[in-house]
Amino acid sequence: MDIDTSRPHPARIYDYLLGGKDHYEVDQRAGDELAAAAPEARIGVRANRAFLQRAVRHVVGTGVRQILDIGTGLPTSPNVHEVAQALAPDVRVAYVDNDPIVAAHGNALLSRSGTTRIVLGDLRDPRSVLDHPDVRGLIDFDQPVALLLVAVLHFLSDADRPAEIVGTLRDALPAGSFLVLSHATGDFADRSAAQAVYTKATASLNLRGHAEVERFFDGFELLEPGLAQVPFWRPDAPPPPRSEEIGFYSGVARKTT
């Protein structure tokens with residue numbers, strides 16, 4: 001297994017900011033730099049995680065029983081499958097990430113679960129993700145699927161053609177499927193210093209504005225309240241202090257045709 005510990009990795013920085021333990025000193029330093037550059041960073045990643053959990057509960061509540069989570073990151077409890085299966089034990093979850101350490105931790109965590117798998121794959125090659133035998137063995141693309149792209153698309157540059165990637169994934173989903181997405185933005189504060197932290201990481205941070213993020217939902221019907229900062233997407237508790245500064249957009253949308 002080839003794990004690069006010389007440069008910070010976004011999944012491990014995220015784990016550090018969430019208070020996890022699956023990271024290296026290089027990731028901790030990057031996380032501290034990020035928090036110094038964007039003081040709301042720790043609040044933001046927690047709010048993003050809370051959005052993910054609310055969104056999962058919503059899509060499972062509509063009857064969806066399959067989840068494809070691409071760019072899952074390191075397992076932080078409650079995980080997507082824990083949230084989903086607490087509501088419906090028959091929900092199947094395929095996790096996909098391009099970091100070998102994520103796959104290793106995930107496999108250790110999920111080894112006893114026949115309804116959940118983790119796949120080493122790259123969002124930049126969506127066809128290989130969709131065609132992966134472990135994904136196909138769990139996800140039936142003739143039935144509705146909840147596609148999760150949470151805090152991952154901002155690690156793709158425009159040269160990676162992220163809209164085309166999302167389009168490929170969308171076209172593989174049947175009607176009744178959902179897209180759950182969150183994305184970093186600089187709309188609420190100058191976050192160029194935060195972006196600079198990722199120049200030393202394994203992936204760059206590509207901030208996008210409201211209109212750019214909303215375009216990822218082309219071909220889907222956005223649910224209310226539309227594209228909103230993560231604390232304000234159907235909150236189930238009072239938003240944390242400084243929520244107005246949090247630089248994450250979020251949305252959930254349904255594919256109707």
Whichever residue in the range 178-187 is assigned to a loop (DSSP other than H, G, I, E, B) and under 22 Å from residue 15 (Cα atoms) and, among such residues, is nearest to the chain's Cα centre (by Cα): 185
Helices (runs of 4 or more DSSP H) contained in the range 124-177 and holding at least 3 residues in contact with a Cys (Cβ under 9 Å, 6 or more places away or on another chain), of a type in the set (Phe, Trp, Tyr) and at positive phi: none
Residue 227 vs. criteria modelled with pLDDT of 95 or more, over 17 Å from the mean Cα position of the chain (by Cα), among the hydrophobic types (A, V, I, L, M, F, W, C) and closer than 30 Å to residue 65 by Cα: no
Residue that is nearest to residue 13 (Cα to Cα) [pool: residues in the range 45-94 that are out of contact with any helix residue (DSSP H, G or I) (no Cβ under 7 Å at 6 or more places or on another chain), small (Gly, Ala, Ser) and in contact (Cβ under 8 Å) with a residue 60 or more places away in the chain]: 71
Scope the range 1-26; condition among the small types (Gly, Ala, Ser) and open to solvent by less than 50 Å² (accessible area, probe 1.4 Å); matching residues: 11, 20
Failed item, numbered, when residue 165 is tested on (1) closer than 25 Å to residue 39 by Cα; (2) of a type in the set (Val, Ile, Thr); (3) open to solvent by less than 50 Å² (accessible area, probe 1.4 Å): (1)
Residue list for the range 27-69, filter: open to solvent by 30 Å² or more (accessible area, probe 1.4 Å) and in a loop (DSSP other than H, G, I, E, B): 39, 62, 63, 65
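In this structure, does residue 201 turn out to be farther than 22 Å from residue 67 by Cα and loosely packed, with under 15 Cβ neighbours inside 10 Å?
So residue 201 does not fit the description; no.
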Positions within the range 214-255 being without any contact (Cβ under 8 Å) to a residue 40 or more places away in the chain and assigned to a helix (DSSP H, G or I), in sequence order: 214, 232
Tabulated pairs, the range 133-155, first within 9 Å of residue 68 (Cα to Cα), second acidic (Asp, Glu), C-beta under 6 angstrom, 6+ apart or interchain: 148/69
Residue within the range 101-121 that is at pLDDT below 95, buried (at least 18 other Cβ atoms within 10 Å of the Cβ), under 13 Å from the mean Cα position of the chain (by Cα) and at negative phi present: no
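The values are calculated or read from the model by the stated rules, or taken from the named source; none is laboratory data. For clarity, every value in this text was computed on a predicted model and none was experimentally measured. With ideal geometry, Cβ positions are generated from the backbone for all residues, glycine too; neighbour counts draw on all protein chains shown. Remember, those area values only see protein heavy atoms, side chains included, never the ligands or the DNA or RNA. Shrake-Rupley method; radii C 1.70, N 1.55, O 1.52, S 1.80 Å.
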